[in-house]
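A short worksheet on the structure shown next.
The values are calculated or read from the model by the stated rules, or taken from the named source; none is laboratory data. Because the structure is predicted, anything quoted here is derived from the model rather than measured. Here Cβ is always computed from backbone atoms with ideal geometry, including for glycine, and neighbour counts include all displayed protein chains. Side chains are part of the model used for accessible areas, which takes the heavy atoms of the whole protein and leaves out ligands, DNA and RNA. Shrake-Rupley method; radii C 1.70, N 1.55, O 1.52, S 1.80 Å.
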Amino acid sequence: MTHFTPFSALLGGLLIGISASLLLWLNGRIAGISGIFYGLLIGPGGDPVWRFLFLAGLVVGTGGYVAFSGAPAPVRQGFPIPLLLVAGLLTGFGTALANGCTSGHGVCGLARLSLRSLVATATFLGMGLLSTFVVRHVVEGV
């Protein structure tokens with residue numbers, strides 16, 4: 001994050017808020033990425049078109065940013081595959097346990113003043129901080 005600017009953070013936050021609001025207003029759905037992805041793959045029968053378009057917009061939007069900003073795509077390498085697999089499984093378990101992910105609880109739930117979302121978001125943040133500490137200071141030192 002050597003090129004952080006408040007303008008890019010503000011613009012990104014506005015785009016996330018607008019997207020979440022439009023999905024709620026126009027489709028009556030909460031913009032929880034894990035729930036959208038789950039519903040597209042194995043969820044209850046429903047309209048998969050909006051789910052696919054929403055998820056495709058995340059990928060296309062990121063690609064568009066990289067293409068038009070001239071900034072190189074951030075590539076992170078050197079993570080041990082077993083650690084990535086464990087992290088992915090724990091993330092999936094956590095989102096299932098919390099009935100949602102950071103986008104659903106942190107963006108949409110907090111905006112609706114949901115106590116459950118406040119607890120879930122605080123838990124996500126705390127576990128993220130703990131995980132970062134363990135990976136950077138305990139695992140790397142082994």
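Taken together, the residues in region 23-45 that are in a loop (DSSP other than H, G, I, E, B) and open to solvent by less than 50 Å² (accessible area, probe 1.4 Å) amount to 3.
Evaluated against (1) touching a residue at least 24 places away in the same chain (Cβ under 8 Å); (2) within 27 Å of Leu90 (Cα to Cα), Leu23 falls short on exactly one condition, (2).
Within region 108-142, the residues that satisfy the criterion of being open to solvent by 70 Å² or more (accessible area, probe 1.4 Å), on the phi < 0 side of the Ramachandran plot and modelled with pLDDT of 90 or more are Leu115, Arg116, Leu118, Val119, Thr123, Leu125, Leu129, Leu130, Phe133.
Applying the condition of being of a type in the set (A, V, I, L, M, F, W, C) and either in contact with a Lys or Arg (Cβ under 8 Å, 6 or more places away or on another chain) or not in a helix (DSSP H, G or I) (or both) to region 48-90 and asking which residue is farthest from Leu22 (Cα to Cα) yields Phe79.
Selection over region 74-107 of residues that are over 15 Å from Val119 (Cβ atoms) and either touching a Cys at 6+ places or on another chain (Cβ under 6 Å) or exposed (fewer than 10 other Cβ atoms within 10 Å of the Cβ) (or both) gives a count of 7.
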